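What follows is a set of notes on a single structure, which appears directly below.
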Amino acid sequence: MSWLWIVGSVFYWFRYERHGSNPKQPPAITSFPRVALVVPCFNEELHAEETILNLLNHEYPNFEVIAVNDGSKDRTGEILDRLSEQHPKLRVIHQETNQGKAVGLTAAALLTDAEFILAIDGDALLDHRAARWMIGHFNSPRVAAVTGNPRLRTRSSLLGRIQVGEFSSIIGLIKRAQRTYGRLFSVSGVCVMFRKAALSDVGYWSKETLTEDIDISWKLQIRHWDIRFEPAATCWILMPETFRGLWKQRLRWAIGGGQAIKKYSWIWGNIQKRRMLPIFVEYGLSVIWAYAMMFVFIAYGLHFFVDLPDWLVVREIIPGWTGVMIATTAMIQTAVAMCLDSRYDHRLWRNYFYMIWYPLAYWLIGMLTTVVAFPKALARGRNQRGLWVSPDRGIRIK
Amino acid sequence: MYKKNKLPDHIRATCADDHPLIYESSSNTPKDSKVVMYSLNVVGWSVWIYLWKPFATIFAWYIGYELAHHHLIYLEGFSGFKEFVTTSVPFGVGLCFALVLWAIINLFRFRGKDRRNALNKTTAEMDAKWTKITSEELENARKSKRVVCHYDSNGNLIRTSAD
């Protein structure tokens, strides 16, 4: 899969990105349809003001900012009300009780007459020209959404630095390769612009999913809408830098992925949805990989205590040539990804040397979260609401 | 600001004011002097390492040769690599080729075609259908700077009130 992502990304670079997404040459756009910059906030008293004030500096002539206070228990509502009094472009929606991000986004989309919705997270800093970069894609009537390029702010610890590499080499590279194929598994919910008419066509966001971005991506593409990737539309985000926070976040992502696979498994019986099948298979292979790895570890541990049949025995856990090739491929993948992403980031390459730990640390986390999450996703009730609390936001200087 | 040195007991001297006995903070040095200092250091060490290179490389070659011979020839490690290349690489190359071919075919097949009719902007009447409020209430809510939304137990919007 890694080589597929590398080749697909390089193709994408040469075909779309090299000239079309040069950050030093923003696109010249002649029409400025109204864009609603939507930020759902749940207990964001520490970040809401910074996020909103950054949005209000957006370099686009026709926008409004809609902040959704999703039943916060802290001072988020108070902060948003104060800011709305000071800034005419800011509107605030208070949800009486916590309803989840999907409901918050839907409310904001219904309560605006803007033609396009650009949604970010409550602690994210959107690049001032993101809307300019994304809006041009919607000249094609087939495009329903454009996903941006999330970049990490929290780079103090080893976990943080590895995530910098991960966001380029996994999230960025996979999106490019999937765009080369023509379908994405998911937009990045932290930075994505939607055509409101497309959202209406598919019934807006689903309330029951833990990852509303994965679900809306599938809803749109199954209705033959296109989703594109714009690497120059960056959004600076905070990610957890503790194991506990990382585990919570990745578990939620894995459950969300499992929910999507379960909810959309019906596409196997519908020839018109065949273009989504490779994306389904790609995710399915990652689930199979996770369980296979878990089985190998268990078999290795058991062989010390129990006499296992020959075909089950795993005597060596330290990989040989296969491990060398996999690790080398991972480093090559990261290098290619950083080459492509370096023009959108700052001092990206200094994080490359920490990626040597990525196969060990993050593949283990990915494996464990998938093994734990998949049964949870299968067992989750169809109408169980998708509510969660954000994990830690990394180490920052106060 | 200078940091006072922590000196061993056998060095006893009194300094004026709060100054340390030894000044060794690099922040005191002008930038151009620091550049010259570090550059000279690099040059000096480079020359020194270059002079030792023949001995270092003989040693490194010996270790490298012994290691490679042991793993690749004696332990037949090369056969594992050969097996990997002959089984996995053709499969991977085939997948990559298929992806690029698919992308090129689609590029030419759909060049200049939108493949979808443009949809009109949604109206308040259309949007209200996703809620349990009327289009008038939705229009009014859109004009308000602060709105409170009320939901039923299934997450459906049932009422709005201007704050």
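The values are calculated or read from the model by the stated rules, or taken from the named source; none is laboratory data. Keep in mind it's a predicted model, so treat the numbers as computed, not measured. Cβ coordinates were reconstructed from backbone atoms using ideal geometry, including for glycine residues, and neighbour counts include every protein chain displayed.
Listing for the model above:
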| quantity | calculated |
| --- | --- |
| Selection from region A:134-146 of residues that are in a strand (DSSP E or B) and surrounded by fewer than 24 Cβ atoms within 10 Å (Cβ to Cβ) | A:VAL143 |
| So B:SER27, is it surrounded by fewer than 11 Cβ atoms within 10 Å (Cβ to Cβ), modelled with pLDDT under 80 and small (Gly, Ala, Ser) | yes |
| Members of region A:79-106 that are more than 27 Å from B:SER153 (Cβ to Cβ) and more than 7 Å from chain B (Cβ to nearest Cβ) | A:ILE79, A:ARG82, A:LEU83, A:GLU85, A:GLN86, A:HIS87, A:PRO88, A:LYS89, A:LEU90 |
| Filtered residues of region B:121-136 (kept if more than 7 Å from chain A (Cβ to nearest Cβ) and surrounded by fewer than 17 Cβ atoms within 10 Å (Cβ to Cβ)) | B:THR123, B:GLU125, B:LYS129, B:LYS132, B:THR134, B:SER135, B:GLU136 |
| Selection count, region B:140-162, where residues are more than 7 Å from chain A (Cβ to nearest Cβ) and basic (Lys, Arg) | 2 |
| Search result, residues across region A:164-191 that are among the basic types (Lys, Arg) and surrounded by fewer than 22 Cβ atoms within 10 Å (Cβ to Cβ) | A:ARG183 |
| Test: residue in region A:223-241 that is over 22 Å from A:ALA124 (Cα atoms) and buried (at least 20 other Cβ atoms within 10 Å of the Cβ) | yes |
| Residue match in region A:174-184 (condition: farther than 22 Å from B:ARG146 by Cβ, in contact with a Gly (Cβ under 6 Å, 6 or more places away or on another chain) and within 14 Å of chain B (Cβ to nearest Cβ)) | yes |
| Subset of region B:105-114 (residues that are facing chain A (nearest Cβ under 9 Å), out of contact with any helix residue (DSSP H, G or I) (no Cβ under 8 Å at 6 or more places or on another chain) and either within 21 Å of A:PRO278 (Cα to Cα) or in contact (Cβ under 8 Å) with a residue 12 or more places away in the chain (or both)) | B:ASN106 |
| Single residue of region A:185-197 satisfying the filter (farther than 21 Å from A:LYS262 by Cβ and more than 7 Å from every other protein chain (Cβ to nearest Cβ)) that is farthest from the chain's Cα centre (by Cα) | A:ARG195 |
| Among residues of region A:93-133, those that are outside any strand (DSSP E or B) and either under 22 Å from A:TYR344 (Cβ atoms) or among the polar types (S, T, N, Q) (or both), counted | 15 |
| Residues satisfying the stated conditions in region A:27-64, i.e. loosely packed, with under 14 Cβ neighbours inside 10 Å and either hydroxyl-bearing (Ser, Thr, Tyr) or touching a helix residue (DSSP H, G or I) at 6+ places or on another chain (Cβ under 6 Å) (or both) | A:THR30, A:SER31 |
| Listing of helices (runs of 4 or more DSSP H) fully contained in region B:60-163 that carry 3 or more residues being at pLDDT below 90 | B:77-109 |
| Test: residue in region A:132-143 that is of a type in the set (A, V, I, L, M) and within 10 Å of another protein chain (Cβ to nearest Cβ) | yes |
| Test: residue in region B:43-54 that is loosely packed, with under 12 Cβ neighbours inside 10 Å, at pLDDT 80 or above and closer than 30 Å to A:VAL10 by Cβ | no |
| Any helices (runs of 4 or more DSSP H) falling wholly within region A:1-92 and containing at least 1 residues that are within 30 Å of A:TYR181 (Cα to Cα) and touching a residue at least 24 places away in the same chain (Cβ under 8 Å) | A:2-12 |
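Rundown of residues vs (1) assigned to a helix (DSSP H, G or I); (2) within 30 Å of B:TRP102 (Cβ to Cβ), yes/no style:
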| residue | (1), (2) |
| --- | --- |
| A:MET239 | no, no |
| A:ARG250 | yes, no |
| A:ALA254 | yes, yes |
| A:GLY258 | yes, yes |
| A:PHE280 | yes, yes |
| A:ILE288 | yes, yes |
| A:TYR291 | yes, yes |
| A:TYR300 | yes, no |
| A:LEU308 | no, no |
